[in-house]
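K.L.:
Structure incoming, see below.
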Amino acid sequence: MTIHTIKARGISVSLDLTVGHIADMVVEGGGRQLKPLHRAPWVDANETLPDNLPEGTVRLSGDFLCAPFSRSDVEEAPLHGWPANSAWDVIESVATDDGWRAVFRLRHKVMGASVDKILTLRDGHPFLYQEHVFSGGHGAISVAHHPMTAMTGGGRLAFSPKRFAATLDDPLEPDPARGRFLLAYPARSADLGHFPAAGGGTLDLTEYRMDDRREDFITLVEAGHGGPGWTALARQAEDDLVLVLKNPAELPITMLWFSNGGRDYAPWSGRHLGVLGIEDGRAAVGHAASVGDNWLKREGVATAFALGESQSVSFRHVIGAIPLSGGEPPQEVTTADGRMRLTAGGAAREVPFDSDFLRIGQPAAA
């Protein structure tokens, strides 16, 4: 079997062991089954794909670990590294007193380090709790999670406080014969509601519009607010709220990938619609850039973890979904005493949450 599924009361998660991507995630809520994560339309279509695609693109799904993020130009590996493109083994997968815990190990080494993926589900919690551990190795490695959600009617976004948002020097699809983009490159703004647009004026980064055919990539730098970093997406047609959380000391940036019919060549072929990547990381674009000089380092932002023999590096991440009516994301998200509190328009709701998991307030892993 290449798919390994774990379950707890109200939630199930399936991992594609051939590439380490989450193939499916189902959360029971409000009498419905919520599916917060995306799976590319070609994965299960039994179609002929272009030659030489990275295996992670062939089986593009859900969420996966990037190590390094983007180009592997220090140690030879496919785009986003071996963790996103090669096999993982099940080391342990057992029921616990309050849910399920599974440990997976990457068959490849990354910069000489072994890599473990630890997935935990808790009964009644609408969240997947993830930890990745690098043991041993040498040099330094950039990392990022790559959760992707998809929607059919657009949505509204909200974030923990950010210092600013910035685009790269060049867009993902600069050739109009192959694709299109809407943001200005390079550009920067501290106001996420007014980011410079390619054609002049501004665009609202907190709104995902289905009629905006685009392929855009932008980096958000976390502010020093002392709480968890979070992104909340209120999906309008799906009538739910997708939540992604991190410890900013470990993963100081959030990269947003707006992929809404903005690539015309195979396998994308204009059909990759309504997709949003919410990619929390410690990285610049490319391994060499991440461990060398880069614009984020000049802003005081860490872009890699140092590896070393007889030591380990770990970082944690959370993905969840809850029912929502009204289509507006929360203005504030706080976690304490085993609960998550979401506040919007003066009203608040609470859901079960492991408030100790992200280790907020503790020193960064490395």
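Each value in this text was obtained by applying a stated rule to the coordinates, not by laboratory testing. Quick caveat: nothing in here was measured; it's all calculated off a predicted structure. Every residue, glycine among them, receives a Cβ derived from its backbone with ideal geometry; neighbour counts consider all protein chains shown.
K.L.:
Gain in length, E350 to E92, computed as 0.36 nm per residue apart minus the alpha-carbon separation, to one decimal in nm? Don't skip to the end; give the middle numbers.
P.N.:
Working: separation 258, 0.36 × 258 = 92.88 nm, distance 3.19 nm.
Separation in residues times 0.36 nm, less the Cα-Cα distance, equals 89.7 nm.
K.L.:
Cα convex hull of the chain: mean projected area in nm², to one decimal? Don't skip to the answer; put the middle values down first.
P.N.:
Values: hull surface 70.3 nm².
Convex hull of Cα atoms, orientation-averaged projection: 17.6 nm².
K.L.:
Report the dimensions of the stretch 248-366 along its three principal axes from the alpha-carbon atoms, largest first, rounded to Å.
P.N.:
The Cα atoms of the stretch 248-366 stretch 46, 45, 27 Å along the principal axes, largest first.
K.L.:
For the stretch 93-211, what value does the Rg/Rh ratio take when both radii are computed over Cα atoms and Rh is the Kirkwood radius, given to two decimals? Don't skip to the answer; put the middle values down first.
P.N.:
On the way: Rg = 20.0 Å, Rh = 18.5 Å.
That ratio equals 1.08.
K.L.:
Next up: Helix-only estimate, please: 222 nm mean residue ellipticity of the chain, summing -39500 (n - 2.57) across DSSP H runs of length 4 or more and dividing by its residues, to the nearest 500. Kindly include the intermediate steps, with their values, before the conclusion.
P.N.:
Values: 3 runs with 13 residues, N = 366.
Counting only the DSSP helices, I get -500 deg cm²/dmol.
K.L.:
Can you compute the modelled spin-label distance between F164 and S314, with each label point 7 Å from Cα toward Cβ, in nm?
P.N.:
3.6
K.L.:
Report relative contact order for the stretch 135-242 in percent, whole number only (criteria: Cα-Cα under 8 Å, sequence separation at least 6). Provide the component values of the computation, followed by the final result.
P.N.:
Working: 187 pairs, mean separation 39.1, N = 108.
This gives 36 percent for the stretch 135-242.
K.L.:
Neighbouring Cβ atoms within 10 Å as the yardstick, rank H38, H317 fewest first.
P.N.:
Starting with the residue having the fewest Cβ neighbours, the order is H38, H317.
K.L.:
Moving to a separate point now. Where does each of 46-54, 154-162, 238-246 land if you order them by average Cβ count within 10 Å, highest first?
P.N.:
Numbers: 46-54: 10.2, 154-162: 19.1, 238-246: 25.1.
The most tightly packed comes first, giving 238-246, 154-162, 46-54.
K.L.:
Now for a separate question. For F315, which sequence-distant residues (separation of 5 or more, or a different chain) have an amide H within less than 5 Å of its own amide H, given hydrogens modelled in the peptide plane?
P.N.:
H132
K.L.:
Within the chain, what is the number of lysine pairs with alpha carbons under 19 Å apart, leaving out pairs fewer than eight places apart on the same chain?
P.N.:
Details: K7/K35; K7/K117; K109/K117; K117/K246; K162/K246; K162/K297.
Final tally of qualifying lysine pairs is 6.
K.L.:
Provide Rg over Rh for the stretch 203-265; use the alpha carbon set for both Rg and the Kirkwood Rh (inverse mean inverse pair distance). Before the final figure, lay out each step's value.
P.N.:
Numbers: Rg = 13.8 Å, Rh = 13.5 Å.
Ratio of gyration radius to Kirkwood radius for the stretch 203-265: 1.02.
K.L.:
Tell me the label-point distance for the pair E76, H194, using the 7 Å Cα-to-Cβ offset, in nm and rounded to one decimal.
P.N.:
5.1
K.L.:
A further question follows. Please list, in order, the residues from the stretch 162-180 whose amide nitrogen is less than 16 Å from a point placed 7 Å along the Cα→Cβ vector of Y265.
P.N.:
Counting only backbone N, you get 171-180.
K.L.:
Which residue fluctuates the most in the chain, going by a Gaussian network model with Cα springs under 10 Å, if the choices are W257, W42, W295?
P.N.:
For the chain, modelled as a Gaussian network with Cα springs under 10 Å, the answer is W295.
K.L.:
Report the dimensions of the stretch 9-100 along its three principal axes from the alpha-carbon atoms, largest first, rounded to Å.
P.N.:
Per principal axis, max minus min of the Cα coordinates gives 44, 30, 20 Å.
K.L.:
Any chance you could get the radius of gyration and Dmax over the Cα atoms of the stretch 80-146, in Å?
P.N.:
My reading of the Cα-based Rg and Dmax gives 13.3, 41 Å.
K.L.:
Considering only the other residues whose Cβ falls under 10 Å of the Cβ of H272, what net charge follows from Lys and Arg at +1 and Asp and Glu at -1?
P.N.:
Working: positive: R263, R271; negative: E215.
Combined, the nearby Lys, Arg, Asp and Glu give +1.
K.L.:
Also: If you average the sequence gap of Cα pairs under 8 Å that are 6 or more apart and divide by the length of the stretch 214-366, what percent do you get for the contact order? Walk me through the numbers before you get to the answer.
P.N.:
Values: 279 pairs, mean separation 38.2, N = 153.
That works out to 25 percent.
K.L.:
Relative contact order of the chain, please, whole-number percent, based on alpha carbon pairs below 8 angstrom and at least 6 residues apart.
P.N.:
Numbers: 1005 pairs, mean separation 64.8, N = 366.
So the answer I get is 18 percent.
K.L.:
Report, by chain and number, residues whose modeled amide H sits under 5 Å from the one on D24, excluding near sequence neighbours (fewer than 5 apart, same chain).
P.N.:
S14
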